[in-house]
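Below: the structure, in structure tokens.
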Amino acid sequence: MSGRRLTHDLFFYLGMLLIFLPFMGGKVAYLPVVFAAVWGLGRFVRFAGENRGIVRFREGVVTAVAERQRLAIALILAVAVGLPFVSSNYLIEVLTSALLYAILASALNITVGLTGVLVLGFIGFYAVGAYTTGILTAKFALCNFWVALPLSGLAAMLCGILLGIPALRLKGDYLAVVTLGFGEIVRIFLTNLDRLTGGPNGILGIKRPSLGPFTIDQPREFYWFALAVLALVVLAVARLVNSRYGRAWIAIRENEMAAAALGIDVFRKHLLSFSLSAFFAGIAGSLFAVKQGFISPDSFTFYESVLVLCMVVLGGIGNVTGAVTGAFLLIVLPEFLREFAMYRMLVFGAVMVAFMVFRPHGLLGSRLIAREAVDREDAGAA
Amino acid sequence: MSDILTTDNISVAFGGVSALSGVSVEVREGEILSIIGPNGAGKTTFFNAVTGTFPPSAGRVFLEGKEITGKKPHEVARLGLARSFQNLKPFAEMTLLENVLIGRESHAVTGMLATLLRTRAFAADEERQQQKARELLAFVGLERRQESLARNLTYGERKMLEIARALALEPRVLLLDEPVAGMNPTETGFVMELVRKIRTQGITVVMIEHDMRMVMGISDRIYVLDHGELIASGLPHEVRANHRVIEAYLGGGKHAPTH
């Protein structure tokens, strides 16, 4: 017990040091201050974890929010819709990109979070979506955006099915490696299929979508458009989670053998979650293409895949709102750390380590926390 | 009475090691059948072979006259053969109600579009399945805990949950792998009563069990496995007196198996 606590502490202090180091700006004199701050934080975290009052308060807040879900969602949506009125164009751009990543994270959450399948090359589906839109609307100008949007999703979904049929017969790490390969293959194809994709130069001049006389042109308008799509995606995922589909996915994640023994076709459910993930990623990719107006293979590197995965893990595996929260944290926060650009990845890594150690269920393990509270009261009453 | 589940000389070998050799069993409709035998006799392997978890390397399996040899576990389950596990496998991060609802999956009818649009048919189906799941939880005595997470259950409660989950399939035959292992006499009595009630609902029960009070108390017939082979079968008092069974359990002693 004490040994475990010691490693816990070591991890914590090491992680915190890594986070604080960049802020010292090379001044060794600050070191004692940093140590003191880290020590204090450690004490506080332990105190908060053990103090019944604080634990109860946290559970109370989470339960209260969970009970007033509609109100909470309405408030968040209101803030999200109103945000562009008080933001600079630059901030709106950042937020829009966060919205796109939130769609991606919500999509990835279906496979990684709900079904428990680790996908490492997820950005490949995003790329397929983006290029489908780019090729259809700009390169060959075959149709307008509104036709290309669903087609992008379907193209990514098709890739998902074609990859999934052989790959989903594998388990765990092996499957992760196959998907990693898929992401790289897509990127290399895009770089080399010059005629179709423009090679390393990418595709230029993708127009912003228009709806009759209106063009979604202003950053603010595009932000709202992306927000609407995100809302739809989150709604769809949430409804799937609270249905027999979501239950079956989670059951497979929890125990594949038991799920099969209860009549669940594990392979088909895997394939369904995989292709749905790919579909939503393709939709996000299509939005990305029209947002940027220009796409090239450089936007779809392995780093992006890892970033999206971090969002899912940070927000809480299998948590619908968590994936969105994770996306916003990982896109918006680094913007405030611009001066420490060099250290960003270091901080990322440290934060991820700290999360895995202290909150393996992510930032918002709301469902679990609320249930725990219910169970304890049950036990108390019995 | 007709046979509902039969195996014809099934064998299972793991890389040259024979775990089950030429076992033929006939399960009659509506009976409670026990399979006993020392540890490592191949009892769980038999369940795995019948349900398709590890398909048999030879022999055939029939359910209600139809051959199910080599079918996938989920197909076997949907055909009406449900099982519980010896090493409990609850869906830990799901509530009890959700656990049982997984067993209802094969009876759910709503498609993806209805689910996304939350149609009236979806709501009706969901309500019907939840109603059934709640009934089953009440049947095994867990209705008060239906909103708890499965991981917060006690050992005995988990066993009950496994039974409720398997019953949710509305099976024709229920295979129970050591349903009372590790339970106290009161709990064992409850499970015995439960198994009898399951039988009165027209479900045939096949169980692996070590607890002789339970086996002798409720079994209509008993099969005895040892070293992967069937060494005896018959009514409880016949099996109790069979010298090969006594030998298998006690290595040639003169006492009947008591535990």
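Readers should treat all values here as calculations from the given coordinates under stated rules, not as data from a laboratory. Given the structure is predicted, the values throughout are model-derived calculations rather than measurements. Glycine gets a Cβ as well: all are built from the backbone with ideal geometry, and neighbour counts include every protein chain shown.
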query = For the Cα atoms of chain B, what angle does the longest principal axis make with the long axis of helix B:120-139, in degrees from 0 to 90, nearest 10?
reply = 40
request  = Would you tell me the mean number of C-beta atoms belonging to other protein chains that fall within 10 Å of each C-beta in B:148-157, as a whole number?
outcome  = 3
request  = Only bridges with both residues in the protein assembly as shown count here: give the DSSP antiparallel percent, nearest 5.
outcome  = 60
query = What pairs from B:Lys43/B:Lys66; B:Lys66/B:Lys159; B:Lys66/B:Lys89; B:Lys89/B:Lys159 go past 19 Å between their alpha carbons?
reply = B:Lys43/B:Lys66; B:Lys66/B:Lys159; B:Lys66/B:Lys89
request  = Within 10 Å of each Cβ in peptide A:177-190, how many partner chain Cβ atoms are there on average? Round it to a whole number, please.
outcome  = 0
message = How are the alpha carbon pair distances in the protein assembly as shown distributed across 20 Å bins from zero to the largest one, expressed in percent?
response = 17, 42, 30, 10, 1
key: Dipole in debye (nearest 20) - segment A:87-336, about Cα centre, beta carbon charges: Lys, Arg +1; Asp, Glu -1   = 540
remark   = On each of the three principal axes the extent of the alpha-carbon atoms of segment A:205-354, given in whole Å and largest first, is 53, 46, 26
request  = Hey, can you grab everything whose amide H is under 5 Å from the amide H of B:Ala232? Only 5+ residues off in sequence or another chain; H modelled, so Pro and N-termini drop out.
outcome  = B:Val224
key: Hull-based mean projected area of segment B:1-111, where the convex hull spans the alpha carbons, in square nanometres   = 9.0
ask   = What average count of beta carbons from other chains do you get within 10 Å of the Cβ of residues in B:91-102?
value = 5
remark   = segment B:99-114 and segment A:47-69 have their Cα centres apart by a whole-number Å value of 33
Amide proton proximity set for B:Ala58, modelled H, under 5 Å, gap of 5+ = B:Ser11
task = With everything on Cα atoms, drop me the angle between helix B:155-167 and the longest principal axis of chain B, reported from 0 to 90° to the nearest 10.
result = 70
ask   = For the residues A:Leu168, A:Leu333, what sequence is obtained by ranking on other C-beta atoms within 10 Å, fewest first?
value = A:Leu333, A:Leu168
ask   = With labels modelled as points extended 7 Å from the Cα through the Cβ direction, what inter-label distance (nm, one decimal) is found for A:Asp217 paired with B:Ala181?
value = 7.2
inquiry  = Once each part is reduced to its C-alpha centroid, what is the distance from segment B:149-177 to segment B:16-94 in angstrom?
reply    = 17
request  = Project the alpha carbons of segment A:87-336 onto their principal axes and report the range along each, largest first, in whole Å.
outcome  = 55, 40, 35
inquiry  = Could you tell me how far the Cα centroid of segment A:237-284 sits from the Cα centroid of segment A:186-226, in Å?
reply    = 31
request  = Treating each Cα of segment A:126-243 as an identical point scatterer and ignoring solvent, apply the Debye formula and state log10 I(q)/I(0) at q = 0.17, 0.18, 0.19 Å⁻¹.
outcome  = -1.06, -1.12, -1.18
query = Hey, what angle do you get for helix B:185-200 against the long axis of chain B, alpha-carbon based, 0 to 90 degrees rounded to 10?
reply = 80
remark   = Diffing segment A:280-290: the Karplus 3J(HN,Hα) column from phi (6.51, -1.76, 1.60, θ = phi - 60°), in whole Hz with x for Gly and Pro, holds 5, 5, x, 4, 4, x, 4, 4, 4, 4, 6
key: Cα-based Kirkwood hydrodynamic radius, segment B:112-259, one decimal, Å   = 17.8
task = Could you tell me what fraction of 2.2 N^0.38 Å the Cα radius of gyration of segment B:50-153 comes to, as a two-decimal ratio?
result = 1.29
Per-peptide average of other Cβ atoms within 10 Å, ordering A:318-325, B:216-223 highest first = A:318-325, B:216-223
remark   = GNM of chain B, Cα pairs under 10 angstrom: of B:Leu117, B:Leu161, B:Leu63, the biggest fluctuation goes to B:Leu117
request  = Please list B:178-187, A:91-100, B:139-148 highest first by mean number of surrounding beta-carbon atoms within 10 Å per residue.
outcome  = A:91-100, B:139-148, B:178-187
